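Before any comments, here is the structure.
The values are calculated or read from the model by the stated rules, or taken from the named source; none is laboratory data. Everything numeric in this text was worked out from a predicted model, so none of it was measured. Here the Cβ positions follow ideal geometry from the backbone for every residue, glycine too, while neighbour counts run over all protein chains shown. When the accessible area is computed, the model is the full protein with side chains, heavy atoms only, and any ligands, DNA or RNA have been set aside. Shrake-Rupley method; radii C 1.70, N 1.55, O 1.52, S 1.80 Å.
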Amino acid sequence: MREYLLTLCITAAVTYLLTGPVRKFAIVAGAMPEIRARDVHREPTPRLGGIAMFFGLCAGLLVADHLENLNEVFADSNEPRALLSGAALIWLIGVLDDKFEIDALIKLGGQMIAAGVMVMQGLTILWLPIPGFGLFALTQWQGTLLTVALVVITINAVNFVDGLDGLAAGMVCIASAAFFMYAYRIWYGYGLEAAAPATLFAAILMGMCLGFLPHNMHPARIFMGDSGSMLIGLVLAAGAISITGQIDPDAMNLFSGSERNTVHQTVPVYIPLLLPLTIIAVPAADLVSAIVRRTWRGQSPFAADRGHLHHRLLEIGHSHSRAVLIMYFWSALIAFGALAYSVNSASMWIVLGIAALSALGLGLLLLPRFTPRAPRWAEHVVPPRYRRRRAARTGSAPALDGGHGDHGDRAATAAAAAAEAREPSALGLHGSTALSELSSSPRTHERERTHERERAHGLSGGTGRK
């Protein structure tokens, strides 16, 4: 575990330290596209953050190769080299897209080629553990097609969800943390060395995301671009492929005892079929809805629009930060819920906990529909929008309605609000807005009318201004 954590920290440190220079390079290289209709940011922001993430990946693999225990992963398996080859190819395609906006079909072809490169070097699905049937051995073509499909789906799901500051990096970091716990349990708990590459991939992926997030949180100073989103999608898919199709369930010695006990014991074997899907459940749902929506409108499935899940959260009324946190919440609930179920599938407390957290998530989604007011004793610790208006802000408020209970409080509150609306300083106006507000006040209008009457009196032969 110490070596995994060291690899994670080195990856995060390299990614974090390189992101600043990469940002300056992106500005000089002109990788700052103009704001599009579907974008939610208001200022041009440099891309190419995937450059720092790729070098973080290389640093993590290099450090792991020189550690005493993790060196065995490179000696016994060719999967780390396969990951590096596919990641380098998909990263180059992403860099070209961030700079020159290449066609979507070309990117799709590049994703398939990157997946094929990994398959040629041994990172592929060899068999599938199917509940009620056992192991289903795949032919070479079946394994290749399934591997390529999983890689392409995962890459595009992560790419589609990369629409808000810190959203894709945070969601993938949460997913990789759950996947790391699962893979480490298979590797350490059951003594299966075949799970070590997937554990290493998850640790490195966490480091890449954690190192990039401080630069990418709202307001973002740099975007990862396609060079980053496609890269982390490929690393995520590589870990899922490694642990799904490489581990032999017979080696776990789970098929013993009664049939019922065998079903419960083999849940960790069958979870790899579902865990990659739960990891990208939210991005995959967004991907499917986008394809259906665009096809229904007669558009290309790769045409960009503002109908993604994060766009809808903003339209409901959530702020940028709250929309990101809600997406984090649902990703963590699905990923860690599946992880907890794989550990103890017979526990009713796990099911009840997931149900309670789901209800909490639905409440968070509906939060903009109402504006809760905090009690007066808690107003100093909540944001201003949740505080009650105090009647004591104006001197005339206590005299309203003769102080008759709640009606008087409401009248005082209304009077205070009206007074604030009339005073520019209460609204925090400044510059030209304040000048225009002052020019439209009743006192200003009265002075203008007086000057007009005086000028009219002078033109009519009067005695002039009084």
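Miscellaneous remarks
- Ligands, DNA and RNA left out, the accessible area of region 143-253 computed with a 1.4 Å probe is 64% carbon and sulfur.
- Rounded to 0.05, the FRET efficiency of the Q142 and V28 pair, given R0 = 35 Å and the Cβ-Cβ distance, is 0.15.
- Kirkwood Rh and Cα Rg combined as Rg over Rh, evaluated for region 150-242: 1.02
- If you take all other residues with their beta carbon under 14 Å from the beta carbon of M171, and give Lys and Arg +1 and Asp and Glu -1, the sum is -3.
- Highest to lowest packing among 288-294, 52-58, 9-15, scored as the average C-beta count within 10 Å: 52-58, 9-15, 288-294
- Theoretical gain in end-to-end length, M120 to A104 [0.36 nm per residue, Cα-Cα removed]: 3.3 nm
- Projected onto planes of every orientation and averaged, the convex hull of the alpha-carbon atoms in region 88-191 covers 8.8 nm².
- Solvent-accessible surface of region 146-246, taken per residue with a 1.4 Å probe and all protein chains present: 22 Å².
- Residue-span extension gain [A13 to E379] - 0.36 nm each, minus C-alpha spacing: 127.8 nm
- Rough spin-label spacing in nm, given labels placed 7 Å along Cα→Cβ, for L67 and A149: 3.5
- For E193, the shell of other residues with beta-carbons less than 11 Å away shows a net charge of -2, using +1 for Lys and Arg and -1 for Asp and Glu.
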